[in-house]
Each structure stands twice: as structure tokens, then as C-alpha cells.
1. Which of the residues belonging to the range 215-246 are part of a helix (DSSP H, G or I), touching a residue at least 24 places away in the same chain (Cβ under 8 Å) and more than 17 Å from Lys433 (Cα to Cα)?
2. Could you run through the range 339-353 and say how many residues are modelled with pLDDT of 85 or more and surrounded by 20 or more Cβ atoms within 10 Å (Cβ to Cβ)?
3. May I ask you to list the residues in the range 432-453 that are at pLDDT 90 or above, touching a Phe, Trp or Tyr at 6+ places or on another chain (Cβ under 8 Å) and hydrophobic (A, V, I, L, M, F, W, C)?
4. Any residue that is farther than 20 Å from Gln599 by Cα, surrounded by fewer than 19 Cβ atoms within 10 Å (Cβ to Cβ) and either aliphatic (A, V, I, L, M) or not assigned by TED's automatic domain parsing to the domain that holds Tyr328 (or both) - is there at least one of those in the range 354-372?
5. Just give me the residues in the range 26-54 being in a strand (DSSP E or B) and within 25 Å of the chain's Cα centre (by Cα), in sequence order.
6. Exactly one condition in (1) over 26 Å from Asp382 (Cβ atoms); (2) within 27 Å of the chain's Cα centre (by Cα); (3) not in a helix (DSSP H, G or I) is false for Met521; which is it?
7. Go through the range 572-619 residue by residue and tally those that are in a loop (DSSP other than H, G, I, E, B) and more than 30 Å from the chain's Cα centre (by Cα).
8. Kindly check whether there is at least one residue in the range 154-161 that is of a type outside the set (D, E, K, R), in a helix (DSSP H, G or I), at pLDDT below 90 and more than 24 Å from Glu5 (Cα to Cα).
Amino acid sequence: MSDGERRLAAIMFTDIVGYTALTQANEALAMEVLERHNRLLRPFFPRFHGREVKTIGDSFLVEFESALEALRCASEIQSYLHDYNLSSTDEWKIKLRIGIHLGDVINKSGDVFGDAVNIASRIEPTALPEGVCVSQQVYDQVRNKFELPLLSMGEKVLKNIERPVEVYAVKMPWEGGEQKELAKVRRIAILPFVNLSPDAGDEYFADGMTEEIISTVSKLGQVEVISRTSVMQYKKNPKPIREVSRELNVGTVIEGSVRKAGIKLRITAQMIDAANDRHIWAESYDRELQDVFATQRDIARKVTDALQAGVSEGKLSRMESTPNLEAYTLYLRAMRLYHEAPDLTTTPAIKMFQDAISKDPTFARAYAGLALALSWAAVRADYAANLRRSEAAAQRALELGPNSAEAHAAMALVDGQLDRFDEAIAEAEEAIKINPSYAEPYFTLGLEYGAIGRLEDSLDAFQVSYRLNPLDVPTSSAFATLLQLTGKERDAIDVIERMKAAFPKSFWPYHSMFEFHLLRMDFLKAQEALNEGLAISPSEDFLLMDQGWLYAITGRRKEAEDSLRILSKMAGPAGGWGQLFIHAALGNMDEAFEQLMKQAGDHSWHWLMKSLPYFEDMRKDPRFAEFCKKVGLPA
């Protein structure tokens, strides 16, 4: 749009309720709230083809080509913030008023001017907190197309507007009445599809269909889909629909089965209103293997139609993977191995991703999967070498799939592991724009914000990651640590207990419980948690690290030095972290900084070096500033 050009546009104006008073009472908190507000809202605008024109204090001015997309964007923002506030332990909740008007605007140097802007800004104050109000012009465009009721508030005399404007208020789901709470209804769990194939070896295909349908539906927007890691827990431990609904806080469940015999497929799927245990629709598909993508699209279309979420055919048509069915089946096998890797040991998945790539060297998602598997392999061994390979795979994924959320998420994780903080955050945010229900990039955002010392921002990101993937072990462990560091101990222990119930045979819950008690300086309980973990995994690197660390903190120097010898022989980062932790606890500052600088060199340092209280003395040492400079951390 050139300067001076006049055009019809929908203008959305937002404002934080009570922000001026907060600024006067607590300026530091107000700035923190504003940063969180900006970060939470910005991903919504491009999803609905909105252009952020500018911010005015605590307000956003956003331009849309369509009144319907502007209204859907506003309602999604309010629904998201409503749920976010309910689950958040933040000191100050963010509540907005939003106003929308449709009219002529004039563009000048990227800004917009005209009555449409003025009227939108005057309509906004008429909305209730957590509410949306629109003008008659918007109402005329969206009536019978928008999912929520619009109630007339009559004509309003607006400041500096010559004529009264009829204003309509959106009746949000939480305002009562018979309208369903769409926010929960549109939160979906796609349960593991049952394998009915005559060959038990085709189990991977049923799991793959589950993941592919999750991926397809999650790209639709206006729905929130629980991640694969969390729903797959119900494969070995199936539960009644209402119990699944309660545990995952979802209103809708999809379940089904897959029967594969050669190239013949029979796929069944059904969608269930979890609250009422009522079937919404059921469908059977008798297809051949090459029609699998069409089946996935059709299921996604039925989901969006049932929820009145709306999605274009063009968006559905872009969701195919690879035309090479052999590469595709190898990819499904690889994803299953990746997700089921025992405590992040991903070597078998790496080989299978490579096999898929050999069948189709242009398969972007296979490169993205390979990058993720190599990144997690680095946590176990050969950190620098695996990261180099991971970076190459992620870069190739982006070249082949620049619009792939998986590719951007893989690059974000790699950038973060290589201390490229700004790049990691930008790639994660791009992945979220493409697929708002993809938990992986929120996890990376949490790590990066934590690494640079922005703990509240880190907590925000982990909150969303945990909401989308509540039964994922690394997410739960990091989230629990952030909760405790930010003073939310009760919430932290709840997350750990939930992880322990879901994964009683994994060392991770006990490692997390150990860290929880260590932060509280309750050494007896820390040892008890450690003993439970060691009974399950007596040679686990992280638990041996924990034991040496506890020896050092409690003054058992000989035992701590024995642990140092064991840790020095470990191939993964846990060995280096353990040596750093032990030397710091024993007061061996030269040795501690030698370890820290070594870890800075290969990017393997602990992500909470700037925040964990155990390193307070190190952070006072001038050598810590050298470390920060070396890895690019703010001082």
C-alpha cells in the first residue's frame, strides 16, 4: 500500500485494563507486564493476516483486510488470555479490552490514519474487561459467520466522533448462558489410534497416523491440540474418556483405529464431546496407502467443521509430507523411535531418519526430525560433534521447508544449544506463528529466556509448553525448576508428583525431586529422592552427578572427590556439570572456572548458570563476566 492511498480496512485497538494505575504503583512490575503482554499477543496477528501498525503505550493498533479475521483474532486473544490467567500464578493478570471498526484508512509511512482508527480506539473502552466490542459496520460483515453471539449495546456517543455509533459486544464463553466454553471445547486430545493390522510390526503406522493427525489438526488455528508425548501415555494405560478429559483439561477427544494390509488401509475415527461422553461424528475410510494424506486432511476438515473453527482448503492442501511412500513410512518409524527413546537415547531414531532421507533427499520433515534427534543425542554424548550434525540437518530442513514449523523449531533448538540466543528466540517464534499448538518451540523459548536470566519470561514459555504437553519429562522437569526459582514451590511439587505418577520407572522425576529438595537445603529428603532414582537407574549419569554434588554441599570431601573421578570419564554434559557443581560447592574456584570455560567453548554449560543460587559466589568473581562475554550472555 503506497503512501496516501485510501483503502477499506478493519482496525483492532487493544488496551490493558488497569495498566495506568499499575504504572503509578509499581513501575518495574508494569514494564514486566507490558513485555509479557507484547510477547503473548504478537503471534496471534499474523495467524489472522493482521499487520501490527504500532504500539501506543500498552495498546496495539492492528490492521486487517477482513472484519471476520479481525474479530476471530480478538476472540482468540481473549480466550487464550482467559485460560492463561486461570492457570497462571503470575502476580498480575493481563486483562484486555478490544475494539474493532471497519472503515476507510489512509496509509502514510507505514502508519494508518482516518476515522476508522479513531472510532476503533473509542469503541475499545466500551468493552468489558476480557471483552470485545465492534461497530455496526463490523457486525454487518460478520453476522451469521462468526461463532459467538454478538449482542447490541445500542447507539453510543463516542468522544470526538460526530455521530452515535451502534456497538455490539461479543458474548464470550465464560460469561454464562447456554453458549459452550469454546476455549475448552477447542482444546483437543487425539488419542493413540489402535493398531488392528494383521502384522504386529505395523504398530508404528498406527502411532504415525496419530502423530500425523495431531500435526495436521494443530496447524488449523483456533484449536489447541495436546502433543503426542502426552497422549501416547494412554496407549499402554487406556482410561475412560471423561478421565482423559479431566487429566488433560480437554473438551474434545478423537480416537480411532488403523488396519494396514499391504497397500490397503482401513482407518476409523470418531470425535467425542468429552464432557457429555457424546459422539459428534464417526467415519471409516477404506483407502490405499497413497491416499493416506487425503484421509488426514479429511479428518482435519471434519474437526474444524464440527468446532466451527474455519480453515481454508489451501491450508489443508499444503499439509502433505513426501510423495515417496517408502520414505514416509521410514519417517513414521523414526518418529516412533524418537518419541519412545528411553531417557533421550535417540541413536536408533537417527539411523531411521537417515534411511528416510536416503529415499527422499528433499523430505524437509525428515531432516527436521534428524536435527531434533541429534540435538537430544548431544545431551547424552559427543556434544559438539552431534550439534554440528544437528545444525547441518536443521539448515537443510529450512532450505527445503521454509514454511515448516518442524524445521524452524529444530533450528531454534540448535541455535539455542550453540548460544545464538536471539536467533533461537526468532526461530521459535516463527515456528509458533506457523503452528501455535506445537509445544517444542515454546520449550526452546523457555530455555533461552532462562539462560539469559529472564526467569519470568522463561516461566511464561514453559507454562504454554506444559499446557500443550503436560506429560513430557524434559518439559516438566524444567518447568518445575522455574516454578521453584520464581517462588511457586507448591506448583513445582505438583508438577513433579504428576511426572512421577506418569513415569515411575524413569530416573527424571527423582532427579527433579532431588533438585527441588536441594534448593530448599533439605539434604535428607534430597538423598531419599536420589536413592529412589538410583534404585531404578544405578548407573545414570545425572543421578551420579547429583550424588557427587550432594556429597560436596554436605562437606563430604573424600566422597565428592571420588565422584569427580567418575564424572571425569563421562561422555555427556552431565559429567562436566557435575565437576563444575562439585568444585563450586567445595570452594575450588580455579577448578570450577576451568570447567565453566571449557563448557563455554563447546556450548555445553548449564542453562541456569545466571540464576541458580549455588553459583552466587562464582557470579561475583570477575571471571564470570569473562564467561558471559564468551557465550554472548548479558552481564
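1. Of everything in the range 215-246, those that are part of a helix (DSSP H, G or I), touching a residue at least 24 places away in the same chain (Cβ under 8 Å) and more than 17 Å from Lys433 (Cα to Cα) turn out to be Arg228, Thr229, Ser230, Val231, Gln233, Tyr234, Lys235, Ile241, Arg242, Val244, Ser245.
2. Count: 4.
3. Phe443, Leu447, Ala451, Ile452
4. No, that holds for no residue.
5. Gly50, Arg51, Glu52
6. (2)
7. 2
8. Within the range 154-161, none of the residues are of a type outside the set (D, E, K, R), in a helix (DSSP H, G or I), at pLDDT below 90 and more than 24 Å from Glu5 (Cα to Cα).
The values are calculated or read from the model by the stated rules, or taken from the named source; none is laboratory data. Model, not experiment: these values are computed from the prediction. Backbone-built Cβ (ideal geometry, glycine too); neighbour counts: all protein chains shown.
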